[in-house]
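Peer 1: The structure's right below; bear with me while I get my questions together.
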Amino acid sequence: METVNPPKSWLPHPRFLGTMFALGIAAWPVCGNEPTARQVAADETAVIATAHYASAPVASAPARPAAPATASPFSPQLFENDFSYKQHPDHTYIPGEELKDMPLGTLTGRPLFGETTLSTGGELRFRYLDETNRLRPNGPGHSSYDQWRWRHYVDVRHADMVRGYVELIDSSTNHADLPLVVIDKNRWDLQNAFVDLSAPWYVDHPVTVRIGRQEMVYGAQRLISSLDWANTRRNFEGIKLFTRQETWSLDGWVMNPVNSTTTGNEPLAVSDNSFDQRNEDYLFAGTYGTYRGLKDHTFDAFFLYTNLNIPVAGLPYGDRYTLGTRWLGNLLTTRGGVSWQAEIEGGYQFGNDRSALYDAASPRASVQAGYVTAGIGHSWTQHPWKPSVWWYWDWASGDQSPTDGENNTFFQLFGLVHAYMGLMDNLARQNISDVNVKCTVQPGEKLRVQLQHHWYQLATGNDVLYNVAGNPVGSPGNGTNVGNEFDIVATYNVNHNWSLEIGYFWFWYGSYIGAVAPRPTAESIYVMSTLRY
């Protein structure tokens, strides 16, 4: 048994302290405006803290209503940044707004561009991590490393009818003690590059076709996410048709995954040294609808299809269909500002898989799988700290028998597990039962703190555990006790442009890990600075 002791101290390496100081000095000029209580950091922590409030698919038509002056204009999807608050003459100034929605006709002096606007901006993120004994490839170990990610975009719109958007990304990982994985690095590449063509349907609510390379985020991101926590980001290439109405929205698409953030694309050695290409052997199509016509309630319904025609570890080889729905609503609000909310999401997965041997000549196994998430939350909106507590149960099916010609292991598609299955990023939404509680408080206008505790069991002992990438860990017949995890994250929003974040996670492994991949308790700390402009 290989035993790796934790580092003698979790204190950040001196190189990290110097870099964070430099980032602080670089960000100082943009620290003039103060954030409001409505500000939320535009990174994955926003999803972690408010995932149960996510409602509509995050993809909008060019026509957008004016945003309140107090709302943050920044989005994790940079093409969703909304600086329409500038239309208000008394709006609060945010550094960088001068480069957003610039009238091209005024800039060029040509009437031809009278209804054309130009925007440019981006994000710079630095993160230091120190990790011990995670469920990573190559066994237990310790690694401390730095991650940089820079994104920059140019956005041109004409008369709410035509839009061209290009976004570049450069993500790097340095000084790592263990081998890198595919989500750690993607140097100087094209993250988004699409054209929108919009035609009126109802007034101010067009139907839009988006063609090209694009990120996709839907609902609470449990099945479709851009994976912002990763140092790289997930993207696709293809065509999408969508519309946003007053009370409902509807999307339909046919895509191929693109970069190495999607399991099954090129290995890191290839993707890091070449231009990202779409994976033509991997098809992802679907439709996603949202209804918000009932006050304080959101209803989602979706039908998704994946087809992989080559064998890839961690992915189902064949056809998968996922039919699902989600409801999020406010159940009760008292006069004292105490409210109860609830969320239910689930889906049925069916189709056909090749055998575990990836033999193209072998008979296909029938797929019968599914997942369920149920949560209830309690909030105190009038308390100065605005505390909220959510209790959740996340369940995803596992295979009942490897020899019955039926595969019952749920496939997590392109979802986000970081915000839901523990911040340590050890586990996938596959053959798992996770009972967890999440508590969020806001001690100050700029500070948000969240605590999570998870209790993990395998959904069935006849299947194995799957790591965050969907790869199997161990073998059946070793019990079901995976362990439990405690996480704490604090986010400090210096202003709309700059946020700081620190997190510490512990994972106490259970008897299953002790039998198949023994290791001491896992610990992880990170400190992150995100600058938006």
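The values are calculated or read from the model by the stated rules, or taken from the named source; none is laboratory data. Keep in mind that what you see is a predicted model, and the values were worked out from it rather than measured. FYI the Cβ positions are ideal-geometry reconstructions off the backbone, even for glycines, and counts take in every protein chain you see.
Peer 1: Of these, Tyr456, Tyr492, which one is buried (at least 20 other Cβ atoms within 10 Å of the Cβ) and either within 24 Å of Gln147 (Cβ to Cβ) or more than 20 Å from the chain's Cα centre (by Cα) (or both)?
Peer 2: Going through Tyr456, Tyr492 in turn, just one is buried (at least 20 other Cβ atoms within 10 Å of the Cβ) and either within 24 Å of Gln147 (Cβ to Cβ) or more than 20 Å from the chain's Cα centre (by Cα) (or both): Tyr456.
Listed here are the residues, each with its yes/no results for (1) modelled with pLDDT under 90; (2) within 30 Å of Asn471 (Cα to Cα).
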residue: Glu266; (1), (2): yes, yes
residue: Asp272; (1), (2): yes, yes
residue: Leu294; (1), (2): no, no
residue: Phe299; (1), (2): no, no
residue: Leu308; (1), (2): no, yes
residue: Gly318; (1), (2): no, yes
residue: Tyr321; (1), (2): no, yes
residue: Trp340; (1), (2): no, no
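Peer 1: Okay, next question. Where in segment 306-395 are the strands (runs of 3 or more DSSP E), entirely inside, with at least 3 residues that are under 25 Å from Asn484 (Cβ atoms) and of a type outside the set (Phe, Trp, Tyr)? Don't jump to the end; show me each part of the working.
Peer 2: On the way: elements: 318-333, 338-353, 365-380.
Fully inside segment 306-395 and qualifying: 338-353, 365-380.
Peer 1: Assuming Leu465 fulfils every condition listed in (1) farther than 30 Å from Phe303 by Cβ; (2) touching a helix residue (DSSP H, G or I) at 6+ places or on another chain (Cβ under 7 Å) apart from one, which condition is it?
Peer 2: (1)
Peer 1: Moving on. State all residues of segment 80-104 that are assigned to a strand (DSSP E or B) and touching a Gly at 6+ places or on another chain (Cβ under 9 Å); if no residue qualifies, say none. Break it down stepwise before answering.
Peer 2: Step one: of segment 80-104, the residues assigned to a strand (DSSP E or B) are 102-103.
Residue satisfying the conditions is Pro103 alone.
Peer 1: Taking the stated definitions as given, is Ile169 at pLDDT below 95 and closer than 20 Å to Gln77 by Cβ?
Peer 2: Numbers: at pLDDT below 95: no; closer than 20 Å to Gln77 by Cβ: yes.
When the stated conditions are applied, Ile169 does not pass them.
Peer 1: If only one of Asp251, Asp204 is within 15 Å of Ala285 (Cβ to Cβ) and among the acidic types (Asp, Glu), which one is it? If you could, list the steps in order and put the result at the bottom.
Peer 2: On the way: Asp204 fails: within 15 Å of Ala285 (Cβ to Cβ).
None of the others qualify; the one that does is Asp251.
Peer 1: Quick one: how many residues across segment 477-500 are among the aliphatic types (A, V, I, L, M) and touching a residue at least 40 places away in the same chain (Cβ under 8 Å)?
Peer 2: Residues of segment 477-500 that are among the aliphatic types (A, V, I, L, M), as a first pass: 482, 488-490, 494, 500.
Checking which are touching a residue at least 40 places away in the same chain (Cβ under 8 Å) leaves us with 482, 489-490, 494.
Result for segment 477-500: 4.
Peer 1: Also: Is there any pair with a first residue in segment 278-298 that is within 22 Å of Asp319 (Cα to Cα) and a second that is surrounded by fewer than 18 Cβ atoms within 10 Å (Cβ to Cβ) and hydroxyl-bearing (Ser, Thr, Tyr) whose Cβ atoms are under 9 Å apart and which are 6 or more apart or on different chains, and what are they?
Peer 2: Pairs that qualify, where the first residue is within 22 Å of Asp319 (Cα to Cα) and the partner is surrounded by fewer than 18 Cβ atoms within 10 Å (Cβ to Cβ) and hydroxyl-bearing (Ser, Thr, Tyr), are Leu283/Tyr305; Phe284/Tyr305; Ala285/Tyr305; Gly286/Tyr305.
Peer 1: Give the residue that is surrounded by the most Cβ atoms within 10 Å (Cβ to Cβ), with candidates limited to residues of segment 75-107 that are free of Cβ contacts under 8 Å to residues at least 12 places away in the same chain and touching a strand residue (DSSP E or B) at 6+ places or on another chain (Cβ under 9 Å). Lay out the reasoning, then the answer.
Peer 2: Looking only at segment 75-107, we keep the residues that are free of Cβ contacts under 8 Å to residues at least 12 places away in the same chain, and these are 89, 98, 105-107.
After this cut, where a residue has to be touching a strand residue (DSSP E or B) at 6+ places or on another chain (Cβ under 9 Å) as well, the list is 105, 107.
Details: Gly105: 15, Leu107: 12.
Result: Gly105.
Peer 1: If you don't mind, there's one more thing I want to ask. So which of Glu445, Glu406 ends up being out of contact with any strand residue (DSSP E or B) (no Cβ under 7 Å at 6 or more places or on another chain) and of a type in the set (Asp, Glu)?
Peer 2: On the way: Glu406 fails: out of contact with any strand residue (DSSP E or B) (no Cβ under 7 Å at 6 or more places or on another chain).
Exactly one residue qualifies, and that residue is Glu445.
Peer 1: Can you name the residue in segment 419-449 that is within 26 Å of Tyr321 (Cβ to Cβ) and not aliphatic (A, V, I, L, M) and is also surrounded by the fewest Cβ atoms within 10 Å (Cβ to Cβ) among such residues?
Peer 2: To start, the set of residues in segment 419-449 that are within 26 Å of Tyr321 (Cβ to Cβ) comprises 419-421, 427-434.
Narrowing further to those that are not aliphatic (A, V, I, L, M): 420, 429-431, 433-434.
Working: Tyr420: 26, Arg429: 25, Gln430: 28, Asn431: 29, Ser433: 19, Asp434: 24.
Applying the filter and picking the extreme gives Ser433.
Peer 1: Of the conditions (1) crowded, with 21+ Cβ neighbours inside 10 Å; (2) assigned to a loop (DSSP other than H, G, I, E, B); (3) at pLDDT 95 or above, Ser260 satisfies every one except a single condition; which number is it?
Peer 2: Just one mismatch for Ser260, condition (3).
Peer 1: From the list Gly514, Gly503, Gly510, which one is without any contact (Cβ under 8 Å) to a residue 40 or more places away in the chain and either of a type outside the set (Ser, Thr, Tyr) or within 21 Å of Ala176 (Cα to Cα) (or both)?
Peer 2: Numbers: Gly503 fails: without any contact (Cβ under 8 Å) to a residue 40 or more places away in the chain; Gly510 fails: without any contact (Cβ under 8 Å) to a residue 40 or more places away in the chain.
One residue alone meets the criteria, Gly514.
Peer 1: If you scan segment 461-477, which residues turn out to be assigned to a loop (DSSP other than H, G, I, E, B) and either of a type in the set (Asp, Glu) or touching a strand residue (DSSP E or B) at 6+ places or on another chain (Cβ under 9 Å) (or both)?
Peer 2: Those that are assigned to a loop (DSSP other than H, G, I, E, B) and either of a type in the set (Asp, Glu) or touching a strand residue (DSSP E or B) at 6+ places or on another chain (Cβ under 9 Å) (or both): Asp463, Val464, Val468, Gly474.
Peer 1: From the list Gly422, Gly470, pick out the single residue that is modelled with pLDDT under 95, at positive phi and within 21 Å of the chain's Cα centre (by Cα).
Peer 2: Numbers: Gly422 fails: modelled with pLDDT under 95.
Only one candidate passes the filter, namely Gly470.
Peer 1: Is one or more of the residues making up segment 113-123 more than 25 Å from Ala159 (Cα to Cα), crowded, with 19+ Cβ neighbours inside 10 Å and either under 26 Å from the mean Cα position of the chain (by Cα) or of a type in the set (Gly, Ala, Ser) (or both)?
Peer 2: First pass over segment 113-123, keeping only residues more than 25 Å from Ala159 (Cα to Cα): 123.
Cutting the leftovers down to crowded, with 19+ Cβ neighbours inside 10 Å gives us 123.
Next cut, either under 26 Å from the mean Cα position of the chain (by Cα) or of a type in the set (Gly, Ala, Ser) (or both) only: 123.
Yes: one or more hits.
Peer 1: Looking only at segment 328-340, which residues are surrounded by 14 or more Cβ atoms within 10 Å (Cβ to Cβ) and within 30 Å of Leu304 (Cα to Cα)?
Peer 2: Of everything in segment 328-340, those that are surrounded by 14 or more Cβ atoms within 10 Å (Cβ to Cβ) and within 30 Å of Leu304 (Cα to Cα) turn out to be Leu328, Gly329, Asn330.
Peer 1: Still on this structure, please answer the following. How many residues does segment 164-187 hold that are over 29 Å from Leu135 (Cα atoms) and free of Cβ contacts under 8 Å to residues at least 60 places away in the same chain? Steps first, answer last, please.
Peer 2: Filtering segment 164-187 for residues over 29 Å from Leu135 (Cα atoms) gives 164-168.
Now narrow it down to the ones that are free of Cβ contacts under 8 Å to residues at least 60 places away in the same chain: 164, 166, 168.
Residues that pass the stated criteria total 3.
Peer 1: Here's another thing I want to ask about it. So Leu107 fits all but one of (1) of a type outside the set (Gly, Ala, Ser); (2) part of a loop (DSSP other than H, G, I, E, B); (3) more than 24 Å from Asp228 (Cα to Cα); what number is the exception?
Peer 2: (2)
Peer 1: Still on this structure: Given the residues Gly461, Gly474, which is the only one that is surrounded by fewer than 18 Cβ atoms within 10 Å (Cβ to Cβ) and either without any contact (Cβ under 8 Å) to a residue 24 or more places away in the chain or among the basic types (Lys, Arg) (or both)?
Peer 2: Numbers: Gly474 fails: either without any contact (Cβ under 8 Å) to a residue 24 or more places away in the chain or among the basic types (Lys, Arg) (or both).
So the residue among Gly461, Gly474 that is surrounded by fewer than 18 Cβ atoms within 10 Å (Cβ to Cβ) and either without any contact (Cβ under 8 Å) to a residue 24 or more places away in the chain or among the basic types (Lys, Arg) (or both) is Gly461.
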